[in-house]
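Notes for the one structure printed next.
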Amino acid sequence: MTEVIEGRVRVSYGSHGIIQLRDGRQVTVKYRRQVGRPFCGDEVSVSLLQGSEGVVTEIHPRKNQFVRADAQQRTSTVAANLDQVLIVISPRPLPSRDLVERYLLAVHSLDIEPVIVLNKAELPISGDSSAGEEVINRLDEYRELGYPVIRTSCKGHPGIEGLLPLLSNKTSILVGQSGVGKSSLVRQILPDLDIQTGALSHSTGKGRHTTTTTILYDLPENGSLLDSPGVWEYGLWKLGPEEIARGFIEFRPFSGHCRFNDCRHTSEPGCAIKKALEAGHIRAWRYAAYTRILAQNNA
Ligand SMILES: Nc1nc2c(ncn2[C@@H]2O[C@H](COP(=O)(O)OP(=O)(O)OP(=O)(O)O)[C@@H](O)[C@H]2O)c(=O)[nH]1
Ligand SMILES: [Mg+2]
Ligand SMILES: [Zn+2]
């Protein structure tokens with residue numbers, strides 16, 4: 001008799017993956033064409049074969065999936081069933097322009113919580129007043145908008161203590177540019193990382209330490225933490241003007257009050273968003289990011 005047991009996908013490759021079973025065991029599984037390929041974070045049923053191998057017999061319905069898009073706006077899924085997205089930025093490399101706004105927009109489209117994490121917080125800001133540096137100088141303004149902002153360092157003060165209370169009992173994913181320190185944060189947070197990655201390091205062991213696939217780890221006090229491959233630019237999929245506007249939370253009290261239902265909030269008469277901008281209720285730099293994303297997305 002074959003045993004069927006529930007589990008969660010720890011890592012997913014093209015034709016196989018590793019599942020954390022509910023009873024604590026970890027198994028390597030193959031995928032079947034009829035069932036499909038699950039994503040990291042998916043809840044699945046596994047039919048166990050001999051040893052520590054199995055087959056995915058069912059992918060359970062997803063709560064959500066975090067996606068990103070390439071330059072042609074073709075999407076790929078990074079992970080499924082998330083509660084929280086940790087947008088990691090750093091002084092080195094500095095964030096590219098509108099990166100944080102793009103991530104915030106994507107997170108709001110899932111109706112889950114974003115957290116902005118400034119890692120390498122022990123490093124000085126270079127003072128070149130670039131777009132990336134402005135993002136870091138505006139972290140207090142993000143906080144005023146209502147976003148949690150946490151400063152961390154894997155190399156010194158202030159450490160990672162500020163992040164820990166936000167992680168318990170949730171599934172959180174670390175996203176951001178390559179080299180900002182996502183995997184380093186995982187190593188700081190998880191004391192038993194080597195145990196959890198024992199089975200994975202074989203398949204992910206590359207010369208460089210850049211992360212090539214999304215991996216789910218168990219947190220010591222309930223909850224999961226996902227590490228994802230870094231990007232240079234986070235690409236959005238095709239979005240309508242109202243979806244883009246919804247990604248800017250401070251627009252919400254004013255949206256729906258424009259003269260035209262399909263207002264893009266750019267040059268239309270009677271625009272409530274522009275009125276709010278002129279009255280100082282919307283920050284000019286946020287509005288500028290909105291118009292850039294709108295123009296790029298509809299190009
Ligand atoms: N100074 C400083 N360096 C850090 C800190 N955190 C990570 N680093 C360094 O930054 C480099 C990149 O760290 P990773 O953790 O591999 O970055 P990542 O975001 O996982 O990169 P990808 O996997 O490519 O997306 C490494 O050399 C780390 O040692 C920090 O808080 N301060
Ligand atoms: Mg990494
Ligand atoms: Zn408008």
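The values are calculated or read from the model by the stated rules, or taken from the named source; none is laboratory data. Given the structure is predicted, the values throughout are model-derived calculations rather than measurements. Methodologically, a virtual Cβ is constructed for each residue, glycine included, from the backbone with ideal geometry; neighbour enumeration extends over all protein chains shown.
Annotations
- Condition met for VAL4 (of a type outside the set (Ser, Thr, Tyr), modelled with pLDDT of 95 or more and part of a strand (DSSP E or B)): no
- Set VAL55, VAL67, VAL85, VAL117: member being more than 16 Å from ligand 3 (Cβ to nearest atom), part of a strand (DSSP E or B) and more than 12 Å from the chain's Cα centre (by Cα): VAL55
- Cβ-Cβ distances below 7 Å connect the following pairs, each with a first residue in the stretch 218-236 that is more than 13 Å from ligand 1 (Cβ to nearest atom), a second residue that is of a type in the set (Asp, Glu) and in a loop (DSSP other than H, G, I, E, B), and a separation of six or more residues or different chains: GLY235/ASP70.
- Single condition LEU226 does not satisfy, out of (1) touching a Gly at 6+ places or on another chain (Cβ under 7 Å); (2) surrounded by fewer than 20 Cβ atoms within 10 Å (Cβ to Cβ): (2)
- The sole residue among SER183, SER178 that is surrounded by 14 or more Cβ atoms within 10 Å (Cβ to Cβ), touching a Ser or Thr at 6+ places or on another chain (Cβ under 8 Å) and small (Gly, Ala, Ser) is SER183.
- Entirely in the stretch 150-214, the helices (runs of 4 or more DSSP H) that have 2 or more residues that are within 13 Å of ligand 2 (Cβ to nearest atom) and either more than 14 Å from the chain's Cα centre (by Cα) or at pLDDT below 90 (or both): 182-189, 193-197
- Qualifying residue in the stretch 257-272 (condition: more than 30 Å from SER12 (Cα to Cα), in contact (Cβ under 8 Å) with a residue 12 or more places away in the chain, acidic (Asp, Glu) and more than 16 Å from ligand 1 (Cβ to nearest atom)): yes
- Checking TYR147, TYR142, TYR103 one by one, the residue that is in a loop (DSSP other than H, G, I, E, B), in contact (Cβ under 8 Å) with a residue 12 or more places away in the chain and of a type in the set (Phe, Trp, Tyr) is TYR147 and no other.
- Between LEU239, LEU219, the distinction of being of a type in the set (A, V, I, L, M), away from ligand 2 (no atom under 15 Å from the Cβ) and either at pLDDT below 80 or touching a strand residue (DSSP E or B) at 6+ places or on another chain (Cβ under 6 Å) (or both) belongs to LEU219 only.
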